[in-house]
1. Provide the FRET efficiency to the nearest 0.05 for the ARG196-ARG68 pair, computing r from the beta carbons and using R0 = 35 Å.
2. So what's the convex hull volume per residue for the Cα atoms of region 46-168, in Å³?
3. Using the Karplus curve 6.51 cos²θ - 1.76 cosθ + 1.60 with θ = phi - 60°, work out ³J(HN,Hα) for each residue of region 234-246 in order, rounded to whole Hz, and write x for Gly and Pro.
4. Give the cross-link partners of LYS148 among the aspartates and glutamates, using a straight C-alpha distance below 15 Å as the criterion and excluding same-chain residues fewer than 8 apart.
5. Subtract the Cα-Cα distance of ALA87 and LEU104 from 0.36 nm times their separation in residues, and report this length gain in nm to one decimal.
Amino acid sequence: MIPRVRRITAVCAMGAALTACGAAGGVRQAPARPTVSASPAASRPPVLAPGPGGLTPVFDHGPRTRGRTLALTFDADMTADQGPRAAAGEHFDNPGLIRALRALKVPATIFMTGRWADEYPAEARSLGHDPQFEVANHSYSHYAYTEKCYGLPALDPGEMREDVEKAYASLRNAGVPHALPYFRFPGGCYDQRALRALSGAGVTAVQWDVVSGDAFATDADAVTRQVLEGVKPGSVVAMHCTRSAAPTTEKVVRAVVPELRKRGYRFVKVSELIGETGKHR
Ligand SMILES: [Zn+2]
């Protein structure tokens, strides 16, 4: 599991070179879905209290003893320099995955890079207007917030908050009206310096406790097994939505969702898990 986790995380970082999360095909606007209740998080999402000295708080899973809830999260990666690859036809989005989540009525949290929202504004908008989803921040550039992070170009501490704010601006410009104050570090890489740099941005950093292994995977069954073996009550599962870099994810979702429901799990968004901690404000 550990080496695998390392590999996957590395992959996520390389997802610098790939990942993305797609929404509904094209320009379709998401209708309100009566079967999915609007998230109360849309107006006042719960955030964790800052750490000592105002340090950005970090959330990686919900309570283990509050029932079988878990959150699927999908990173919409695209690095600031991948525009030419998108222009050449590489798909950093995954509309089929989003269609599957909608068909299965699975609430989910999408960590979207600003660069991705620039590339796929209609999809970003569709996700941002669909109460089944919450859209959060995965940086603008998908560059590293630590000095070493799987070969990603590194930001200086003085650039970090600006990168986060720039992502929120891109999400707004794309038409995401209520991006959540949750931030996922590119590659999951952070340190005290990064947490300090973002103090004052008002975000809760969101990590995960289950690595799906979907990035660069070719064996959907192996990814499915890894998710099913890894989840516990309160888990946050890290996945991607990009056709080019995580081609099995839709299939994995179609397999794990019914199985986990059979085991008594209920899918929620990250905001609900944070709200269950009792440590939020
Ligand atoms: Zn990422």
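Here, each number is a calculation from the coordinates, and none is a lab measurement. The shown structure was predicted, so the numbers you read here are calculated from the model rather than taken from an experiment. Because the Cβ atoms are built from the backbone with ideal geometry, glycine has one as well, and the counts that use them run over all protein chains shown.
1. Taking R0 as 35 Å, the efficiency between ARG196 and ARG68 is 0.45.
2. 148
3. x, 5, 10, 9, 8, 9, 10, 10, 8, 5, 6, 9, 9
4. Partners within reach: ASP156, ASP191.
5. Answer, rounded to one decimal: 3.0 nm.
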